[in-house]
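The values are calculated or read from the model by the stated rules, or taken from the named source; none is laboratory data. This structure is a prediction, so every number in the text was calculated from the model and none was measured. Neighbour counts run over all protein chains shown; Cβ positions are idealised from the backbone, glycine included.
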Amino acid sequence: MGRKRVHEVSLKEGERDELESFIRKGKASARSLTRARILLLADDGRSDKEIVDVLKVCRGTVRNTRDRYWKGGLDCALNEKPRSGAPSKIDGRVEAELTLLACSDPPDGRSRWTVMLLRDKLVEMGVVDSISHMTVYRTLKKKKKKKLKPWLEKRWCIGNITGDFIWHMEDVLDVYEQPYDPKRPVICFDERTCQLLGDTIVPIPMKPGSPRKEHYEYERNGTCCVFMAFEPLAGRGIVSVRERRTKIDYAEFMVDLANQYPDAEKIIVVQDNLNTHTMGSFYDAMPPDDAFKLAKQFEFNYTPKKGSWLNMAEIELSALSKQCLDRRIPDINKLRDEINIWQQERNAIRATVQWKFSKDNARAKLKRHYNTVKN
C-alpha cells in the first residue's frame with residue numbers, strides 16, 4: 001500500500017494574521033488552538049515530523065489538519081462538525097414522565113427527590129430500561145425557564161393577606177415614598193438576639209495554603225440583644241447592645257433615639273408588632289409625664305403580621321450579621337466594641353438600602369389578593 005499523500009499548506013493572504021490573532025486571544029478550545037499552530041508551522045514549510053516534535057502531538061493530527069485545510073479551507077481545518085453521538089434515551093414521553101415524577105411527593109422516608117432516586121424510579125416504572133443520573137440532571141435543567149431542581153427548596157414568609165394586612169403594608173410603603181424631611185425623619189427599628197460564644201481551645205490562625213481552624217466545642221456565655229435604628233434616607237444607623245429586651249430596655253433606647261433628633265417635630269418609626277414595641281412601654285420605665293412627653297415625639301407605623309420583610313432595619317441587621325457577627329464573640333463588651341466599629345464605618349460611607357417595592361408594585365404583584373379582599 002502506498003503512503004498517504006501529504007497536502008502542502010499555503011495560507012492565503014490575511015489567513016496568517018487571522019490565525020495569529022486567533023491564538024493570541026486564546027478563547028477557542030485547546031484542539032482548535034493546536035490546529036491553528038499546526039497550520040502556521042506547515043505554512044512555514046515544516047515537515048510533519050518537525051511539527052510533531054515542536055507541538056508534541058501525534059502525526060495523525062498533523063495530517064488530518066492538513067487534509068481538512070486542503071478540502072475546506074481555514075474554517076474546516078479549525079472547527080469540527082457537530083457529532084451525532086448516541087441516540088438520546090429521553091424523548092418527549094420520557095421527559096413528561098420525569099417532569100411529572102419530579103413534581104410529585106418524594107418517596108416515604110425521603111424529604112425530597114434526588115437525581116439518583118428519580119433515575120431508579122424511572123427504571124422501576126418501566127419508563128426506560130436504563131439511564132444515568134447525569135442524563136436525568138441534564139434533562140431537568142435543559143430549559144432555562146422551566147428547569148426543575150427537586151433537590152432544592154425555597155421558603156417564604158407572608159401572612160394571610162387580609163384587608164388589615166394590606167392597610168399596614170401600604171401604610172409602611174407610603175412612609176417610604178415620602179421625600180426626606182429632617183423635621184420628620186423616618187426610622188426603621190428592629191432587634192435581634194445574639195449568643196455570646198467563646199473558644200475552649202485557642203484557634204489556629206490562617207496561613208498560606210491553610211485556612212483558619214477552630215475547635216468545634218465552644219463555651220456559651222449567655223445571650224444579649226442588639227437594638228437597631230436605621231434611617232435609610234440619611235444613611236445613618238444607631239445600634240445599642242443590651243443584656244435583655246424588656247419594655248424598659250425598649251423605652252430607654254427610644255429616649256436615646258429621641259435625643260439624637262432634638263430638632264425633629266415628629267420621629268416616624270417603622271417597626272414590627274412585638275409586644276414591647278408600644279408607647280405603653282414608656283410608662284413602665286419612667287413617670288407618666290415623661291412617658292407622655294416622649295410618646296408625643298413619635299409616630300409609630302407597624303408592619304403587618306408576618307410582614308416584617310417590609311422593615312428595612314431587617315436588611316441592615318442582615319448586613320450586620322454577615323459582616324460582623326458571623327464568628328464567635330465571647331462577651332458583651334467585646335460585642336459592643338465590634339458593633340460600634342462596624343456602625344461607624346457604615347455611617348461614614350452613608351450606607352443605605354435601595355428600596356424599590358412601592359404601593360404600585362404591591363397592587364400589581366398582589367392583585368389577586370386585592371381582588372379577593374374586595375369581593
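Checked against (1) part of a loop (DSSP other than H, G, I, E, B); (2) out of contact with any Phe, Trp or Tyr (no Cβ under 9 Å at 6 or more places or on another chain), PRO182 passes all but a single condition, namely (2). Sub-9 Å Cβ pairs linking a first residue in the stretch 7-34 that is β-branched (Val, Ile, Thr) to a second residue that is assigned to a loop (DSSP other than H, G, I, E, B), at least 6 apart or interchain, are THR34/VAL57, ordered by first then second residue.
When you look at ARG192, is it under 29 Å from ILE315 (Cα atoms), under 25 Å from the mean Cα position of the chain (by Cα) and assigned to a loop (DSSP other than H, G, I, E, B), yes or no? No.
Among the residues that make up the stretch 171-181, is at least one of them under 20 Å from CYS324 (Cβ atoms), under 28 Å from the mean Cα position of the chain (by Cα) and hydrophobic (A, V, I, L, M, F, W, C)? No; the residues of the stretch 171-181 include none that is under 20 Å from CYS324 (Cβ atoms), under 28 Å from the mean Cα position of the chain (by Cα) and hydrophobic (A, V, I, L, M, F, W, C).
Each row is one residue, and each column tells you yes or no for (1) closer than 30 Å to GLU153 by Cα; (2) in contact with an Asp or Glu (Cβ under 8 Å, 6 or more places away or on another chain); (3) surrounded by 10 or more Cβ atoms within 10 Å (Cβ to Cβ).
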site: LEU11; (1), (2), (3): no, yes, yes
site: GLU15; (1), (2), (3): no, no, yes
site: ARG24; (1), (2), (3): no, no, no
site: ALA30; (1), (2), (3): no, no, no
site: ASN64; (1), (2), (3): no, no, yes
site: ARG68; (1), (2), (3): no, no, yes
site: LYS81; (1), (2), (3): no, no, no
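Picking from residues in the stretch 204-239 that are on the phi > 0 side of the Ramachandran plot and out of contact with any Lys or Arg (no Cβ under 6 Å at 6 or more places or on another chain), the one that is surrounded by the fewest Cβ atoms within 10 Å (Cβ to Cβ) is GLY209. Among the residues making up the stretch 346-364, those that are in contact with a helix residue (DSSP H, G or I) (Cβ under 9 Å, 6 or more places away or on another chain) and closer than 23 Å to GLY235 by Cα are ARG346, ALA351, THR352, VAL353, TRP355, PHE357, SER358, LYS359. Specify the residue that is surrounded by the fewest Cβ atoms within 10 Å (Cβ to Cβ); the eligible residues are those in the stretch 149-190 that are among the hydroxyl-bearing types (Ser, Thr, Tyr) and under 23 Å from GLN297 (Cα atoms). Top of the filtered list is TYR180.
Each row is one residue, and each column tells you yes or no for (1) closer than 20 Å to ASP190 by Cα; (2) of a type in the set (Gly, Ala, Ser); (3) at pLDDT below 95.
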| position | (1), (2), (3) |
| --- | --- |
| ALA251 | yes, yes, no |
| MET254 | yes, no, no |
| LEU274 | yes, no, yes |
| HIS277 | yes, no, no |
| TYR283 | no, no, no |
| PRO288 | no, no, no |
| LEU294 | yes, no, no |
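Residues in the stretch 35-52 that are hydrophobic (A, V, I, L, M, F, W, C) and free of Cβ contacts under 8 Å to residues at least 24 places away in the same chain: LEU41, ILE51, VAL52. Put simply, of VAL172, VAL241 the only residue that is farther than 30 Å from LYS365 by Cα and β-branched (Val, Ile, Thr) is VAL241.
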